[in-house]
1. Considering segment 28-50 alone, what residues qualify as being more than 16 Å from G79 (Cα to Cα), in a loop (DSSP other than H, G, I, E, B) and under 19 Å from the mean Cα position of the chain (by Cα)?
2. Please enumerate the residues belonging to segment 51-74 that are outside any loop (DSSP other than H, G, I, E, B) and either farther than 23 Å from E25 by Cβ or in contact with a Lys or Arg (Cβ under 6 Å, 6 or more places away or on another chain) (or both).
3. Over 27 Å from E154 (Cα atoms), assigned by TED's automatic domain parsing to the domain that holds V207 and either surrounded by fewer than 20 Cβ atoms within 10 Å (Cβ to Cβ) or among the charged types (D, E, K, R) (or both), is that true of E363?
4. Based on what the data block shows, is P104 in a loop (DSSP other than H, G, I, E, B) and in contact with a Phe, Trp or Tyr (Cβ under 7 Å, 6 or more places away or on another chain)?
5. Going residue by residue through segment 137-151, is there one that turns out to be hydrophobic (A, V, I, L, M, F, W, C) and buried (at least 24 other Cβ atoms within 10 Å of the Cβ)?
6. Residues that are assigned to a strand (DSSP E or B) and either among the hydroxyl-bearing types (S, T, Y) or under 19 Å from the mean Cα position of the chain (by Cα) (or both): does segment 372-388 have at least one?
7. State whether the residues of segment 373-390 include one that is assigned by TED's automatic domain parsing to the domain that holds D329 and within 15 Å of G159 (Cβ to Cβ).
8. Looking at S58, S36, which one is touching a residue at least 40 places away in the same chain (Cβ under 8 Å), farther than 25 Å from T146 by Cα and either surrounded by 16 or more Cβ atoms within 10 Å (Cβ to Cβ) or in contact with a strand residue (DSSP E or B) (Cβ under 6 Å, 6 or more places away or on another chain) (or both)?
Amino acid sequence: MGDQLNWAGNYRYSSKELLEPENLEEVKDLVVSRTSIRVLGSRHSFNGIADTEGSQLSLRKMNRVIELDQAQRTVTVEGGIRYGDLCRYLNDHGFALPNLASLPHISVAGAVATATHGSGDLNANLAASVSAIELLKSDGEVVVLTRGIDPDFEGAVVGLGGLGVVTMLKLDVVPSFEVSQNVYERLPFSVLDHGGLHDIFSAAYSVSLFTNWAEPVFNQVWVKRKLEIDGENEDPADFFGALPATEKLHMVYGQPVVNCSEQLGVPGPWHERLPHFRMEFSPSAGNELQSEYFVPRQHAAQALRALGKLSGRIAPLLFISEIRTIAADTLWMSPCYRQDSVAFHFTWKPEWEGVRQLLPLMERELEPFGARPHWAKLFTMEPGRIQAQCERLPEFRELLLRYDPIGKFRNTFLDQYMRHE
């Protein structure tokens, strides 16, 4: 398995084999018989969080919807299902998830384990929709942890792959809804001078600001509005001075717009508008690098200005940068643990040496604001600094030891960032 790459092609896994069980009993047999194992999701991590020198286990073939409980408004799924496939099922039955990430191609269990998110002032990350998980531990024991019942639940949901194999999840669902998406162009950074960032992000169900840092302008603003049965559904003629695009756009100029979700205010089902990209197409060739940092929302404008000092270094290495808001949650290892956050995301050109030199400078600028990195993306922050931002890290370490006392699910990534100083 030494030649296996992640989705972006920037990371080569060092595992000796890839296992693809088809049911829980096969998972149990494979886990019990291995000494070192990690679960591999849809390969959308950019670092070694899913790597191991032992065995990798994929739940790709365990991708069924188990039950839709319409009365309780929950859906139970196997861990390998992808969001795009689950969304079609839910919409066909009149239900929806509250929010989605940019890509519908990612697996539910992998996204949950790393606190992957979408956008929206009132929308928490995807893991916040989980109400129960089924977890297979290193000794083969299967446990079910339920929100509000099991004290380990809030520590185990964003488990970073360290507690066991999440074979099944129960998710909260809501009635299906429609969304319209409009793209506006050239919103100047100067809106920050008037305290407008809160107004901008709270103006719709989901708002994403895109900039290439070449000038102090958000090149595009993607505005996703939830359409109400009653009420005003007319799209505004401008967005805080930014003008509506007259044709469909890709956030990275020159990339094929057919990959992107529908725009120009055309209403459509939630799962075809909330992601930036369409399930039927690959969002890009994958030849890119990604980093992302979370800061408390009250520091959004200051953090933007701080990063702006490095715009001359950022722009040449960048495809595009996206800024989004995420609501607080109570999951121990989430970057949004008990804090409404703003996320600064960077999609880099595949020039790792230049990015590697730049990231410490960006992280130094963001340090006064308590920046936390996305667990599955590229960062250079010292382990001690990250650990200082994780309020519940001591309890999580205890959870790791209790669920996996022999370290079967440990790897270099967890040893580096979860270790005792």
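1. Result: S45, F46, N47.
2. Passing the criteria: S55, Q56, L68, D69, T74.
3. Working: over 27 Å from E154 (Cα atoms): yes; assigned by TED's automatic domain parsing to the domain that holds V207: yes; either surrounded by fewer than 20 Cβ atoms within 10 Å (Cβ to Cβ) or among the charged types (D, E, K, R) (or both): yes.
Against the criterion (over 27 Å from E154 (Cα atoms), assigned by TED's automatic domain parsing to the domain that holds V207 and either surrounded by fewer than 20 Cβ atoms within 10 Å (Cβ to Cβ) or among the charged types (D, E, K, R) (or both)), E363 qualifies.
4. Yes, satisfied.
5. As a first pass, look at segment 137-151 and keep what is hydrophobic (A, V, I, L, M, F, W, C): 142-145, 149.
Keeping just the survivors that are buried (at least 24 other Cβ atoms within 10 Å of the Cβ) gives none.
Checked segment 137-151: no residue is hydrophobic (A, V, I, L, M, F, W, C) and buried (at least 24 other Cβ atoms within 10 Å of the Cβ).
6. Yes, segment 372-388 contains at least one residue that is assigned to a strand (DSSP E or B) and either among the hydroxyl-bearing types (S, T, Y) or under 19 Å from the mean Cα position of the chain (by Cα) (or both).
7. The answer is yes; a qualifying residue exists.
8. Values: S58 fails: farther than 25 Å from T146 by Cα.
Exactly one of S58, S36 is touching a residue at least 40 places away in the same chain (Cβ under 8 Å), farther than 25 Å from T146 by Cα and either surrounded by 16 or more Cβ atoms within 10 Å (Cβ to Cβ) or in contact with a strand residue (DSSP E or B) (Cβ under 6 Å, 6 or more places away or on another chain) (or both), namely S36.
The values are calculated or read from the model by the stated rules, or taken from the named source; none is laboratory data. The structure displayed is predicted, hence computed values, not measured ones. Cβ coordinates were reconstructed from backbone atoms using ideal geometry, including for glycine residues, and neighbour counts include every protein chain displayed.
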